[in-house]
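*Asks:* Before I ask anything, let me first share the structure, which is written out below as structure tokens.
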Amino acid sequence: AQEVARFRLTNNVVIYQDPDDAQVDQLIMASKCFVTASREEGYGLAVAEALSMGLPCVTYDIETFRAAFPHGRTYPEQNTPHELGLCVLRLLETPELRDRLVSEAARGLSFPTWESVANTLWDRVEHIRQGQLGGRDRESV
């Protein structure tokens, strides 16, 4: 919130905590981009939801987002609040960048059902589990 005020964006940026589903839909439809300052994610369901609705995303460059969302998002070179804010400004001030990310999101992310979301999450869990087991299957542990 301090960065929003410092960059004089209080008329353009609203920070919500725990909005209900109806508010989320309204916010996404009225937004120019989705921003998350999360540094740790299991999957990033909010990013997936925003991308699936055609909203470009600004995130930190963390492994989860690199693996799950190679398209439709931009990120700062350094994972700092200041750099994240500059990245948002660059997106809002560069229509070509926003258009490219919207196009990428439309091509690169499609979750037609919650079952496909669950399958994607399950595949990720299995990938992590296999890495922790050193490639051994469950029965051999």
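*Asks:* If the requirement is being of a type outside the set (S, T, Y), modelled with pLDDT of 90 or more and in contact with a Gly (Cβ under 9 Å, 6 or more places away or on another chain), which of these qualifies: L51, L101, L92?
*Replies:* Working: L51 fails: modelled with pLDDT of 90 or more; L92 fails: in contact with a Gly (Cβ under 9 Å, 6 or more places away or on another chain).
Matching residue, one of L51, L101, L92: L101.
*Asks:* So which residues in the stretch 50-71 are surrounded by fewer than 17 Cβ atoms within 10 Å (Cβ to Cβ) and farther than 16 Å from S38 by Cα, if there are any at all?
*Replies:* Across the stretch 50-71, the qualifying residues are M53, G54, P70, H71.
*Asks:* Going residue by residue through the stretch 10-20, is there one that turns out to be within 24 Å of A106 (Cβ to Cβ) and of a type in the set (A, V, I, L, M)?
*Replies:* no
*Asks:* When you scan the stretch 72-80, do you find a residue that is open to solvent by 40 Å² or more (accessible area, probe 1.4 Å), part of a helix (DSSP H, G or I) and touching a Phe, Trp or Tyr at 6+ places or on another chain (Cβ under 9 Å), even just one? Quick ask: steps written out before the conclusion?
*Replies:* Here is the first cut: in the stretch 72-80, the residues open to solvent by 40 Å² or more (accessible area, probe 1.4 Å) are 75, 77-80.
Add one more test, that the residue is part of a helix (DSSP H, G or I), and what stays is none.
No; the residues of the stretch 72-80 include none that is open to solvent by 40 Å² or more (accessible area, probe 1.4 Å), part of a helix (DSSP H, G or I) and touching a Phe, Trp or Tyr at 6+ places or on another chain (Cβ under 9 Å).
*Asks:* Do you know which residues across the stretch 43-71 are aliphatic (A, V, I, L, M) and either assigned to a helix (DSSP H, G or I) or farther than 18 Å from L89 by Cα (or both)? Let's see the steps before the verdict.
*Replies:* Taking the stretch 43-71 as the starting set, the residues that turn out to be aliphatic (A, V, I, L, M) are 45-48, 50-51, 53, 55, 58, 62, 67-68.
Listed by number, the residues that qualify are L45, A46, V47, A48, A50, L51, M53, I62, A67, A68.
*Asks:* Could you please find all residues in the stretch 25-46 being of a type in the set (D, E) and open to solvent by less than 100 Å² (accessible area, probe 1.4 Å)?
*Replies:* Just the residues of the stretch 25-46 that are of a type in the set (D, E), to begin with: 25, 40-41.
Listed by number, the residues that qualify are D25, E41.
*Asks:* Now for a different question. Quick one: how many residues across the stretch 89-100 are in contact (Cβ under 8 Å) with a residue 60 or more places away in the chain and either open to solvent by less than 50 Å² (accessible area, probe 1.4 Å) or hydrophobic (A, V, I, L, M, F, W, C) (or both)?
*Replies:* Residues in the stretch 89-100 being in contact (Cβ under 8 Å) with a residue 60 or more places away in the chain and either open to solvent by less than 50 Å² (accessible area, probe 1.4 Å) or hydrophobic (A, V, I, L, M, F, W, C) (or both): 2 in total.
*Asks:* Search the stretch 9-38 for residues that are among the β-branched types (V, I, T) and pair each with any residue that is in a loop (DSSP other than H, G, I, E, B) and surrounded by 11 or more Cβ atoms within 10 Å (Cβ to Cβ) when their beta-carbon atoms are under 8 Å apart and the residues are at least 6 apart or on different chains.
*Replies:* Close Cβ pairs satisfying both conditions: I28/M53; I28/L55; V35/T59; T36/G44; T36/T59; T36/Y60.
*Asks:* May I pose another question? Which residues, counting only those in the stretch 1-24, are open to solvent by 70 Å² or more (accessible area, probe 1.4 Å) and part of a helix (DSSP H, G or I)? Lay out the reasoning, then the answer.
*Replies:* At the first step, the residues of the stretch 1-24 found to be open to solvent by 70 Å² or more (accessible area, probe 1.4 Å) are 1-2, 6, 8, 10-12, 14-18, 20-21, 23.
Q2, R6, D21, Q23, listed by residue number.
The values are calculated or read from the model by the stated rules, or taken from the named source; none is laboratory data. This structure is a prediction, so every number in the text was calculated from the model and none was measured. Don't worry about glycine lacking a Cβ; one is built from the backbone with ideal geometry, like all the others, and counts go over all protein chains shown. Just the protein is used for accessible areas: all its heavy atoms, side chains included, with ligands, DNA and RNA removed. Shrake-Rupley method; radii C 1.70, N 1.55, O 1.52, S 1.80 Å.
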